[in-house]
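The numbers here are math on the coordinates, done by the rules we state, and not lab data. Since the structure is predicted, the reported quantities are computational estimates derived from the model, not experimental observations. For neighbour counting, all protein chains shown are included, and Cβ atoms are generated from backbone atoms with ideal geometry for every residue, glycine included.
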Amino acid sequence: MQEIRIHGRGGQGVVTLGELLAKSAIKMGKEAQTLPFFGVERRGAAVKAAVRIDDTPIKVRSQSYKPDYLVLLHENLLEIALAGGKADHAEIIANAGQPLPVEDKQWIVSATDIAIKNGQVVGGEPFVNVPVLGAICRVLGIPFEVLEETLGEQWTGAKLTPNIATAREAYDTVREVEGGPQHG
Amino acid sequence: MSKVFGSGNTACAMAVKDADVDFVAAYPITPQTAVAEKIAAYIAQGIMDANYLPVESEHSAASAIAAASAVGARVFTATASQGLLYMHEILHYAAGGRLPLVMANVNRAVNMPWCLYADHQDAVSQRDTGWIQLFAASNQEIYDSILLAFKVAEEVQIPVMINYDGFLVSHSMMPFETLDENKIKEYLPPYDPSWRLHPQWGGTFGNVTFSEQYVPYRESLTRDVKRAGELIIRCAREFEELTGRWHGGYFDVYRPEDASFFLLSMGSMGKEMELAVDLLRQEGIPAAGLRLRVFCPFPKEELSALLPTGTNLLVFDRNLVYGSAAGVLLQESRAALYDRRDEIRIAGISVGLGGEDLPASLLADKAREMIQEVKK
């Protein structure tokens, strides 16, 4: 089983991200499940969601403690995400401009910049979930065509185009980096 | 049949839409809210032909669907936690009045302190209202159980509550399949009540009685609640023949072969328990899982029939009987197995209150502790 735990804040679209990732995995012939955790259900509060992908139906009905992938919708969620636990071999996929100050294998993508560049901002909030989804799919080896099909079922017309654009750019630009310097 | 990837609440709302329900009244409450919202949206979009009454409270929701049922409508509501507690009075009314209501209860802790997460205290507190209570552990099981619930309720004229855990199932997205309209019609024909209130025919409902009338009503209700158990299994078998889908009878039994330790639980914990059983089996501990699907009527004989002489029953309650360290399932199990007290050892604990997370490793730890206890 592959377990991915996504960290974001209430209103950032963590639940939608998880749903679209799971749907993409299902298109690849996999079983999938999402389990969001809303904390105190307040906009802006830290929220998380687990996505589980496997070859057989998923029986887990509990939270994620040892995910294989840790996803951050913003680099400032790193501490919260690490406190939630991860597998020793876990890889981090983060919306970040610079390497994260940890030694783990990590992938970064400038999802905020990509969202702003493509006009995906509402109420001052850049929609980073779709570009981060693009980055995750690239790391997990999900072909972009599969993701494009998933996005096409979620949005149509003028709403679909920028989502495909941000997902595509993140898919193409996410890069593996060496861990950054540790904070003293 | 269409394949859906959606939450437990979505599975619930879609089943209500597909069951050709006539009337829905609901009051939103976490973690049930999406059920109330989605059904309202289906009706507003014109893809569900029903009347929806947005009420000011759960007491009114239950009262409204009870009244609508009495005039012959197929009815539904959904709630959770405090909402269910607020309905308590009407739950007795509906069961005593033999009204085939169907309700989803998204299991959540009861206040105080305030808590939004999975716990069965809400449901077990309604054990003695005369309602049939089912527990589901997957989104497919929710969809299928809603259809089954209408069939059972309308045949035996007793209301049915379908329970599933808040967030762990209600907000967890999983793949599930819906059923084609023609198959649903075959399984669940339009509701044809044997009687109903109608101005043309006159009559009254819910008259004052004395014990001469009251006692036979109570006797018939307890007899029919018991009979409903067999009916649930028959309807589940019919559903299996039609769809190939089977979630278990009274229990969903996991790895019973040569088992000495039977781990009894209900709801989402029962599904995770299968992973705990696998962990214990890897250590050579002959464990099995019993996920209870029918809480009311509690299947006493069927539980006993699953347990060979010399085996042990380990009970995991997601509720608490105050003054003890365990819950209602332990009490029911002890009562069911009293005559076999010399041949079956029983231990029980209360876990998972207020959404306390229950990964398989923790369930296996608790099982090992209880195994030490029953070995004493």
### Task
Determine the calculated [θ] at 222 nm for the protein assembly as shown from helices alone, applying -39500 (n - 2.57) to every DSSP H run no shorter than 4 residues and normalising by the residue count; nearest 500 deg cm²/dmol.
-12500 deg cm²/dmol
### Message
Are there any GluC sites (Glu not before Pro) in the range B:1-66 that are in a DSSP loop and have at most 12 other Cβ atoms within 10 Å? List them by number.
### Response
B:56
### Message
Let's test the formula: R0 of 41 Å, r as the Cβ-Cβ distance of residue A:103 and residue A:154. What FRET efficiency results, to the nearest 0.05?
### Response
0.70
### Query
Label residue A:42 and residue B:218 with points 7 Å out from Cα along Cα→Cβ: what is the distance between them in nm?
4.9
### Task
Would you mind calculating the relative contact order of the range B:230-310 from Cα pairs under 8 angstrom and at least 6 residues apart, reporting the percent as a whole number?
33
### Message
With a cap of 12 neighbouring Cβ atoms within 10 Å, and only residues DSSP puts in a loop, list the GluC sites (Glu not before Pro) found in the range A:1-81.
### Response
A:41
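Could you list B:12, B:296, B:115 in order of exposure, starting from the residue whose Cβ has the fewest other Cβ atoms within 10 Å?
Sorted ascending by nearby Cβ count, the order is B:115, B:296, B:12.
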### Summary
In Å, the Kirkwood hydrodynamic radius from C-alpha pairs for the range B:1-108 sits at 13.7
### Query
Using the Cβ atoms and a cut-off under 12 Å, what net charge is assigned to the surroundings of residue B:234, where Lys and Arg are +1 and Asp and Glu are -1?
-2
### Summary
For the pair residue B:234 and residue B:356, the simple spin-label estimate (label points 7 Å beyond Cα toward Cβ) gives in nm 4.2
### Task
Starting with the fewest neighbours, write out B:322, B:27 ranked by other beta-carbon atoms found within 10 Å of each beta-carbon.
B:322, B:27
### Task
Rounded, prolate or oblate: pick one for the range B:318-376, where a ≥ b ≥ c are the square roots of the eigenvalues of its C-alpha gyration tensor, a/c under 1.5 means rounded, and failing that, prolate if a/b is larger than b/c, else oblate.
oblate
### Query
Does the protein assembly as shown classify as rounded, prolate or oblate by the C-alpha gyration tensor (a ≥ b ≥ c root eigenvalues; a/c under 1.5 gives rounded; else a/b over b/c gives prolate, otherwise oblate)?
oblate
### For the range B:251-375: rounded, prolate or oblate by the Cα gyration tensor [a/c cutoff 1.5]
rounded
#### Entry: Violating pairs (Cα-Cα greater than 21 angstrom) within the set A:23/B:151; A:30/B:185; B:151/B:183; A:66/B:271
A:23/B:151; A:30/B:185
### Query
Any idea what % of Cα-Cα pairs in the range B:162-254 are farther than 20 Å?
65
### Message
In the range A:63-83, whose amide N lies under 18 Å from the spot 7 Å out along Cα-to-Cβ of residue A:116? List them in ranges.
### Response
A:73-77
### Task
Using Cα centres only, tell me the gap between the range B:288-339 and the range B:72-86 in whole Å.
27
### Query
Helix B:33-45: angle to the longest alpha-carbon principal axis of chain B, degrees 0 to 90, nearest 10?
30
### Message
Strictly greater than 21 Å: what percent of every Cα pair in the range A:2-177 meets that?
### Response
43
#### Entry: Translational D in µm²/s for chain B (Stokes-Einstein at 4 °C, 1.567 mPa s, Kirkwood Rh from C-alpha pairs)
62
### Query
Out of every Cα-Cα pair in the range B:115-186, what percent are more than 15 Å apart?
61
#### Entry: Label-point separation, residue B:374 to residue B:246 (7 Å along Cα→Cβ), nm
2.5
### Message
Tell me the Kirkwood radius of the range A:1-103: reciprocal of the mean inverse pair distance over distinct alpha-carbon atoms, in Å.
### Response
13.8
### Task
Please compute the Cα-Cα pair-distance distribution of the range A:67-144 with 5 Å bins starting at 0, giving whole percents from short to long.
3, 16, 25, 24, 18, 9, 4, 1
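Enumerate by residue number the trypsin sites (Lys or Arg not before Pro) in the range B:300-351 meeting two conditions: DSSP loop (anything except H, G, I, E, B), and at most 12 other Cβ atoms within 10 Å of the site's Cβ.
On the way: sites: B:300, B:318, B:334, B:340, B:341, B:345; in loops: B:318, B:341.
Qualifying residues, ordered by number: B:341.
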